[in-house]
Amino acid sequence: MIKKFCYILLLMVFILCGCAKKEVVVNDQLSLIKEKDVLIVGVKVDTPPFGFVDKNNKNTGFDVELAKIIAEKILGDSKKLIFVPVNTSNRIMKLTSAEVDMVIATMSITPQRQIILDFSIPYHTAGQAIMVKSDSDVTSLLELENKKVIIVFGSTVEKELRSNVPNIKIVGYKSYPDAFAALKQGKADAMIADDTILMGFAINDPSVKILPKRYSKEPYAVAFRKDPMSQSLIDEVNAILMESLNNGKIKQLKDRYGIN
Ligand code: GLU
């Protein structure tokens with residue numbers, strides 16, 4: 001009888017330990033992704049050369065390729081990916097509402113964003129620049145006082161201009177193609193955005209020019225929900241980024257998409 005009781009007790013301890021262990025595994029973001037066997041990534045669809053849609057309606061760009069490298073390393077298959085379109089103003093919400101596992105979308109690390117999100121190590125550094133029409137006389141930010149400047153809502157540029165250059169008249173758009181089209185249509189005197197994004201639009205377009213000065217440093221990183229359960233996922237992505245920075249894969253991707 002005692003023997004039987006001990007056996008049942010031992011069995012219960014095993015079952016409970018097993019359950020407790022499983023709970024830790026299930027709550028962990030990296031294990032959850034491995035369990036569902038697919039990585040859901042928020043990417044841009046309007047921001048060449050980082051995130052856009054090609055002629056065959058496929059997501060492409062530097063950030064999209066980076067997502068493929070991460071899926072390959074975590075799940076052993078770069079196709080185990082679902083891309084969810086995000087834009088500059090909704091990407092934080094898509095992450096905090098758990099619609100996506102991570103966001104790879106030209107997103108700069110900033111102290112304000114770090115209050116609500118976690119970031120990987122940076123994989124690229126851009127800088128804010130001014131784009132004007134080729135025949136424009138504007139040569140600097142100072143000359144844009146009391147003039148109209150196009151920005152994209154939710155970007156670091158919007159925040160900086162509103163707090164540091166109050167005399168500029170901001171004309172905001174939701175997407176980069178709309179913002180670029182507005183500049184070309186003469187709806188403002190300039191457009192300010194990250195240089196590498198502006199270059200994606202200015203390439204092969206002689207009607208616009210990018211001025212040489214850079215007004216900020218924009219460290220692009222992968223963004224995660226701020227949650228202790230994200231830590232193992234962040235560590236894994238950081239290890240993948242470190243490896244890809246060291247073995248030249250990121251450099252190769254930059255060359256492929258004309259990013260410098
Ligand atoms: N890197 C800037 C930001 O995170 C601008 C790029 C973008 O709009 O995604 O806000």
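The values are calculated or read from the model by the stated rules, or taken from the named source; none is laboratory data. The structure presented is a predicted model; accordingly, all values stated were derived computationally and were not measured. Neighbour counts run over all protein chains shown; Cβ positions are idealised from the backbone, glycine included. For accessibility, only protein heavy atoms count, side chains too; no ligands or nucleic acids. Shrake-Rupley method; radii C 1.70, N 1.55, O 1.52, S 1.80 Å.
The table below gives the values:
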{"read-out": "Percentage relative contact order, the chain, counting C-alpha pairs under 8 Å, at least six apart", "value": "25"}
{"read-out": "Prolate/oblate/rounded label for the chain (Cα gyration tensor, a/c 1.5)", "value": "prolate"}
{"read-out": "Part-to-part distance (alpha-carbon centres) for segment 112-158 and segment 56-80, which is given in Å", "value": "28"}
{"read-out": "Those GluC sites (Glu not before Pro) in segment 48-105 that DSSP places in a loop and that have at most 14 other beta carbons within 10 Å", "value": "Glu99"}
{"read-out": "Nearest-10 value in Å² for the accessible area of Asp118, using the 1.4 Å probe", "value": "40"}
{"read-out": "Per-residue [θ]222 nm for the chain (sum of -39500 (n - 2.57) over DSSP H runs n ≥ 4, rounded to 500)", "value": "-13000 deg cm²/dmol"}
{"read-out": "Projected label distance in nm at Lys133 and Lys174, using a 7 Å step from Cα toward the beta-carbon", "value": "2.7"}
{"read-out": "Calculated FRET value between Lys184 and Gln252, using beta carbons and R₀ = 25 Å, to 0.05", "value": "0.20"}
{"read-out": "Two-site label geometry, Gln231 and Ser140: point separation in nm, points 7 Å out along Cα→Cβ", "value": "4.8"}
{"read-out": "Relative contact order %, segment 68-173, counting alpha carbon pairs below 8 Å whose residues are six or more apart", "value": "19"}
{"read-out": "Listed residue (Val208, Phe224, Gly61) projecting farthest to the positive dipole end of the chain, Cβ model", "value": "Phe224"}
{"read-out": "Span-rule helices in the chain, defined as complete DSSP H runs reaching 27 Å or more along the axis (Cα) with Kyte mean at least -0.5", "value": "2-27"}
{"read-out": "DSSP beta bridge pairing in the chain, given as percent antiparallel to the nearest 5", "value": "55"}
{"read-out": "GNM flexibility winner over the chain from Val53, Val100, Val152 (Cα, springs under 10 Å)", "value": "Val53"}
{"read-out": "Relative contact order computed over segment 166-250 (Cα-Cα under 8 Å; 6+ residues apart), in percent", "value": "14"}
{"read-out": "Difference of contour (0.36 nm per residue) and Cα-Cα distance, Glu35 to Asn56", "value": "4.5 nm"}
